[in-house]
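Step one of this worksheet: look at the structure below.
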Amino acid sequence: MKFTEEHEWLRVEGDLVVVGITEHAAEQLGDVVFVELPEPETQVAKGDEVSVIESVKAASDILAPLDGEIVEVNGAIVDNPGLVNEDPLGEGWFFKMKIDDLAALDDYMTEDEYKDFIG
Amino acid sequence: MTDLGRTCLYDLHRELGAKMVPFAGYEMPVQYPMGVMGEHLHSRAKAGLFDVSHMGQVILRAPAEALETLVPVDVQGLAEGRQRYAMFTNDAGGILDDLMIANRGDHLFLVVNAACKEADIAHLQAHLPGVEPVTDRALLALQGPLAETVLARLVPGVAAMRFMDVAVLDWEGAALWLSRSGYTGDDGFEISLPEDRAEAFARALLAMEEVAPIGLGARDSLRLEAGLCLYGHDIDTDTSPVEAGLTWAIQKRRRTEGGFPGAARIQRELAEGPSRKRVGLLPEGRAPMREGTALFDSETAEAPVGTITSGGFGPSLQAPIAMGYVPAALAQPDTRLWGEVRGKRLPVRVAKTPFRPSTYRT
């Protein structure tokens, strides 16, 4: 699993990358009450705002971590946004991407590096 | 920026695991480990303890008639042992701050907003004699359906109080200045007490399993569900009490006689109706509409008709809720409007407030 400075996690699953937010991010956001996901089959570029997450406190953007195509989204977190808090690394995943260049994942942090990053 | 102030309960907040944020010049707890949603629901179900010591407390040894020159509220008609909601108005009919006024027999006791307290005290001192800011007392709020039950274990006399009563009662030698009121829409109390006894008193309450500490995050969602205004957001110097829907706080004698700052505008709006009104708003979808969201009367209209002044998620309703100002013609409940969220027009319905019925012990 890899981690971004925007507190997203990336997990390779076959030829896809699953994206979600970290436990640390979920905790900082507080109770998630609304999630807006991208449309499947959308081409995105790294850094695009592809998803919105709102907690009781504020709205935050979820950025595309890599260039590629959104192929699947997790409708369960739209129906039950609390899943993002309950199981951010599992059932609270956001979307799956087909990415152009798997090697680009190497630029992101390992779990240990991420733990250092959040201090 | 000047250094942030701390209330006398700062160390207790840290010990309880609070996340502290700057608010109105103070480092205040925005939430505890329970989280905003959990704290909100706890306060609605049992009893929540809030530190509101950052707010201003003022003793006023001036005649009720004198205070009436600054507020459009009937102070002379306020009986001893009773409290009333009020607002300081300016000459243009805008609101300088909202406050509580209590009649404590030989003096009046005022509680004002933290962010406005210095300006309020200067305003009072410029116009009235006998203004005595209280600087050595903490202020706690205990709110929720079990507030009376838990407080009565420490101070049995509170059971005899009803909504908006004020009383001085003893707790282990400390004089508690109590009012049966609050900012959540539920029954509860606000308790002013000597700073050097506040931590012990708060700990005595928190030791009861029904009581949890509640931060500013849930304080905001609780008051929003109750349809209560937040100064600087829902009311300010640009909004009149009539536009804000606070005419219930302007008693008949004052409406007729005037004699308060901005009376010309306020009396005119009372007679003719204001051009815009504060309304409750229920987004039809699940996306919260936050403060600053522009409101439109159609999906395609170019110019907005109003703005949201407070908005978020109501944990007791499990739905987004908001308040804002719209033209009077669009202020009827069930009027459909559109709020622009991230470039998209989303439907929102005008709704009555409170969003959740209040549970005051009247």
- Query: What order do you get for B:Met28, B:Met37, B:Met208 when you list them from fewest to most C-beta neighbours inside 10 Å?
  - Reply: B:Met208, B:Met37, B:Met28
- Message: As a footprinting exposure proxy, order B:Asp236, B:Asp98, B:Asp196 by other Cβ within 10 Å, with the fewest listed first.
- Response: B:Asp196, B:Asp236, B:Asp98
- Query: Using a simple spin-label model with points 7 Å from Cα along the Cα→Cβ vector, what separation in nm is obtained for B:Asp334 and B:Ala303?
  - Reply: 2.9
- Count neighbours as other Cβ atoms within 10 Å of each site's Cβ, and list the GluC sites (Glu not before Pro) in the range A:29-105 that are DSSP loop with at most 13 such neighbours. A:Glu41
- Note on the structure: Counting other chain Cβ atoms within 10 Å of each Cβ in B:211-218 and taking the mean gives 1
- Note: B:Asp136 to B:Asp106 extended length (0.36 nm per residue) minus current alpha-carbon separation gives 8.8 nm
- Task: Please give the contour-minus-distance gain from A:Glu23 to A:Gln43: 0.36 nm per residue of separation, less the Cα-Cα distance, rounded to one decimal in nm.
- Result: 4.5 nm
- Under 5 Å between amide H atoms, partner at least 5 residues away or on a different chain: which partners does B:Ala138 have, H built in plane at 1.01 Å? B:Leu193, B:Glu195
- In the range B:275-362, if every C-alpha pair distance is counted and binned at 10 Å from zero, what percent goes to each bin? 19, 54, 22, 5, 1
- Note on the structure: Residue by residue through the range B:185-196, the couplings from Karplus 6.51 cos²θ - 1.76 cosθ + 1.60 with θ = phi - 60°, in Hz, x for Gly and Pro, are x, 9, 4, x, 9, 10, 10, 9, 8, x, 3, 6
- What residues qualify as long-range amide H neighbours of B:Asp236, i.e. H under 5 Å apart, gap of 5 or more or another chain, H built at 1.01 Å from N? B:Ile95
- Query: At what distance in nm do the modelled label points of B:Ala207 and B:Val168 sit from each other, each positioned 7 Å from its Cα along Cα→Cβ?
  - Reply: 2.7
- Query: Under the Karplus relation 6.51 cos²θ - 1.76 cosθ + 1.60, θ = phi - 60°, what is the ordered set of whole-Hz ³J(HN,Hα) values for the range A:52-65, x standing for Gly and Pro?
  - Reply: 10, 10, 10, 9, 4, 8, 6, 9, 9, 9, 9, 9, 5, x
- Query: Going 7 Å from the Cα of B:His233 toward and past its Cβ, which residues in the range B:167-196 have a backbone nitrogen under 16 Å from where you end up?
  - Reply: B:183-185
- Query: Using θ = phi - 60° and the Karplus curve 6.51 cos²θ - 1.76 cosθ + 1.60, what whole-Hz ³J(HN,Hα) does each residue of the range B:351-360 get, with Gly and Pro shown as x?
  - Reply: 9, 5, 10, x, 5, 10, x, 6, 10, 5
- Which whole-number percentage describes the relative contact order of chain B, with Cα contacts under 8 Å and a sequence gap of 6 or more? 18
- Task: Taking only Cα atoms and a 10 Å spring cutoff, compute GNM fluctuations for chain A and point out the largest among A:Asp15, A:Asp67, A:Asp87.
- Result: A:Asp15
- Message: Just want to confirm a number: the relative contact order over the range B:275-362, from Cα pairs under 8 angstrom separated by 6+ residues, in percent.
- Response: 37
- Message: Cross-link candidates for B:Lys252: which lysines have Cα within less than 27 Å, leaving aside residues fewer than 8 places away along the same chain?
- Response: B:Lys277, B:Lys352
- For the range A:2-102, please report how many Lys pairs fall under 24 Å Cα to Cα, leaving out neighbours fewer than 8 apart on the same chain. 5
- Task: Pick out, in residue order, every one of the GluC sites (Glu not before Pro) in the range B:108-196 that is DSSP loop and has at most 13 other C-beta atoms within 10 Å; say none if there are none.
- Result: B:Glu172
- Task: Amide H neighbours of B:Thr353 under 5 Å, at least 5 residues apart or on other chains, H built in the peptide plane: list them.
- Result: B:Gly280
- Distance between the range B:47-85 and the range B:200-266 - C-alpha centres, whole angstrom: 12
- Query: Can you put A:Ile99, B:Ile191 in order, fewest other beta carbons within 10 Å first?
  - Reply: A:Ile99, B:Ile191
- Simple spin-label estimate for A:Phe117 and B:Asp196 in nanometres, 7 Å along Cα-Cβ: 5.2
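FYI, it's all coordinate maths here, none of it is from the lab. All values reported here derive from a predicted model rather than from experimental measurement. Reconstructed Cβ throughout: ideal geometry from the backbone, glycine too, with neighbour counts over all protein chains shown.
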